[in-house]
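The values are calculated or read from the model by the stated rules, or taken from the named source; none is laboratory data. Since this is a predicted model, take the numbers as computed values, not measurements. Cβ sites come from the backbone with ideal geometry, for glycine too, and all protein chains shown count toward neighbours. We work out accessible area using only protein heavy atoms, side chains counted, and drop any ligands, DNA or RNA first. Shrake-Rupley method; radii C 1.70, N 1.55, O 1.52, S 1.80 Å.
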Amino acid sequence: MNSFVFPGNIESDILAISSLPIPYMRTSSFSSLVQDCERMLLHLIGCPNGRLIFYTASGTGAMDAVVTNYVSLKRKAFVVAGGSFGYRWKSLCNYYYVNADLYEVPFAKDIDYSDLEANISLSRPDVFLCQHHETSTGQMFNLKEISRICKKYHVSLVVDAISSFLADPLHMDDLGIDICITSSQKGLNIAPGLSFVILSQNVSSMRFASSSYYFGFKENLRNLQRGQTPYSPATTIFLQLHERLKRNVQIGIDGIISQVRERASYFRTLCEKYRWVVPSEVPSNCITGFFVNCNGDILFKELMDKEIYIMPGGTPNYFRVSHLGVQDKGDLLHLAEEISRIEQL
Ligand SMILES: *Cc1c(COP(=O)(O)O)cnc(C)c1O
């Protein structure tokens, strides 16, 4: 198993679903499949009484939808940027002329939460936008602290949980999160192409802005009442999603997360052994980001020649290895030995 990128290695029977005849979506059986998926996803993310909108789009599509339908109604947003995904929130706000204060966090560092609180008390935003896990660096932020600050200053909390969902504990209702987003190709470990906006019970019945046609919450929610999407959904991925969610509900959220956590911890012991520095202060289980001790361009090419895929990190000699999907200790050991061998070349 040689994929350490998203979505990772996938079980062959789930992959095989994509070769089945494509179902027609305007049927009651497809509607009930969609409703089942909504119920299982809401359960897994800890928001059983919320609503979930399905988009045939990658994760950024869901971020875009949240900004046009919800954030644009607010006077001021506050964006945490600890890497490229945080800056994506900011550039979406800029694109749609939403006033947003930017709070930058240095590469792979945790937020200084008392400094954050001081900034919130000055900025007085209406809505807070952040990542749970900034996937470009591997740093995870503390949602309990963020949630405490948001409650104290009456700020609506919106979290991009695209890469932390099913990798790190996350319970929307307990944290008082108003909107969460996630997508198919990360913790769910199926093909890219579906993304999800989860609306807490609090916000699900509010009036949203109507500045987006395809992504409009209102029209999507209206169709969802009968288990439908307004436009043709990626039906094949829905079939994979349904099968994946049934298995996930069976294993349970704690079981899923502990598997991912175990792989992450094991790989980090290998990083220590080979002296590869893991810079993030509080790493997510989703990936391990680390610096190698050789020319990263050469390493990347040598691994590709062996059909081993890891993710470059945007910083020289920095790489990220995903722990999502089908993966065992043997796979990680083999990867580490290969990297070490290339370092000696
Ligand atoms: C993967 C990811 C996204 C979405 O990227 P797409 O390529 O649009 O799917 C957004 N935020 C985070 C934190 C991610 O890891």
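Taking label points 7 Å from Cα along the Cα-to-Cβ direction, Y153 and S12 give a separation of 5.4 nm.
For K76, a cut-off of 20 angstrom between C-alpha atoms picks up these aspartates and glutamates, skipping any fewer than 8 places away in its own chain: D64, D101, E104, D115, E117, D126, D160, D178.
How high is the relative contact order of region 136-283, given as a whole-number percent (alpha carbon pairs under 8 Å, six or more residues apart)?
24
Taken about its Cα centre, region 114-236 carries a charge dipole of roughly 420 debye when the Cβ of each Lys and Arg holds +1 and the Cβ of each Asp and Glu holds -1.
Lys/Arg Cβ at +1, Asp/Glu Cβ at -1, dipole of the chain taken about the Cα centre: which of Q327, F78, N248 is farthest positive-ward? Farthest along the dipole direction, towards plus: F78. Here the spin labels are modelled as points 7 Å beyond Cα on the Cα-Cβ line, and at V326 and M206 they lie 4.3 nm apart. Shown is the FRET efficiency for R39 and M1, computed with R0 = 41 Å from the Cβ-Cβ distance and rounded to the nearest 0.05: 0.85.
The protection proxy used here, the mean number of other Cβ atoms lying within 10 Å of each residue, ranks peptides 330-341, 191-202 as follows, highest first: 191-202, 330-341. Over the chain, what percent of the accessible surface lies on carbon and sulfur atoms, probe 1.4 Å? Heavy-atom surface of the chain belonging to carbon and sulfur, 1.4 Å probe: 52 percent.
Partners of K246 within straight-line reach, counting aspartates and glutamates whose Cα lies under 12 Å from its Cα and excluding those fewer than 8 residues away in the same chain: D36, E38.
Relative contact order for region 1-143: 20 percent, from Cα pairs under 8 Å spaced at least 6 residues apart, divided by residue count. Please work out whether region 33-84 counts as rounded, prolate or oblate from its C-alpha gyration tensor, where a ≥ b ≥ c are the square roots of the eigenvalues and a/c under 1.5 means rounded, while otherwise a/b larger than b/c means prolate and anything else oblate? Since a/c reaches 1.5 and a/b is larger than b/c, the shape of region 33-84 is classed as prolate.
Identify, among A100, T60, C130, the residue whose Cα sits farthest towards the positive end of the charge dipole of region 51-170, taking +1 on the Cβ of Lys and Arg and -1 on the Cβ of Asp and Glu, with the dipole about the Cα centre. Of the listed residues, the answer is A100.
Rounded to the nearest 20, the Cβ-based charge dipole of the chain about its Cα centre (Lys and Arg +1, Asp and Glu -1) stands at 1000 debye. In terms of the mean number of neighbouring beta-carbon atoms within 10 Å, the peptides 61-70, 180-189, 278-287 order highest first as 180-189, 61-70, 278-287. For the chain, the residue among I120, F300, S258 whose Cα projects farthest onto the positive side of the dipole built from Cβ charges is I120.
Placing +1 on the Cβ of every Lys and Arg and -1 on the Cβ of every Asp and Glu, with nothing else charged, gives region 1-129 a dipole about its Cα centre of roughly 480 debye.
Anisotropy class assigned to the chain is oblate, per the alpha carbon gyration tensor with a/c at or over the 1.5 cut-off and a/b no larger than b/c. Label point of Y97 set 7 angstrom out along Cα-Cβ; within region 44-81, amide nitrogens under 17 Å from it belong to 67-77.
In this label model, I251 and Y309 are separated by 2.0 nm, measuring between points 7 Å along each Cα→Cβ vector. Sequence-distant contacts, meaning Cα pairs under 8 Å at least 6 residues apart, place the relative contact order of region 87-207 at 17 percent.
Averaged per residue, the chain has 43 square angstrom of accessible surface, using a 1.4 angstrom probe with ligands and nucleic acids left out. For region 37-138, a/c is not less than 1.5, where a ≥ b ≥ c are the root eigenvalues of the C-alpha gyration tensor, and a/b tops b/c. That puts it in the prolate class.
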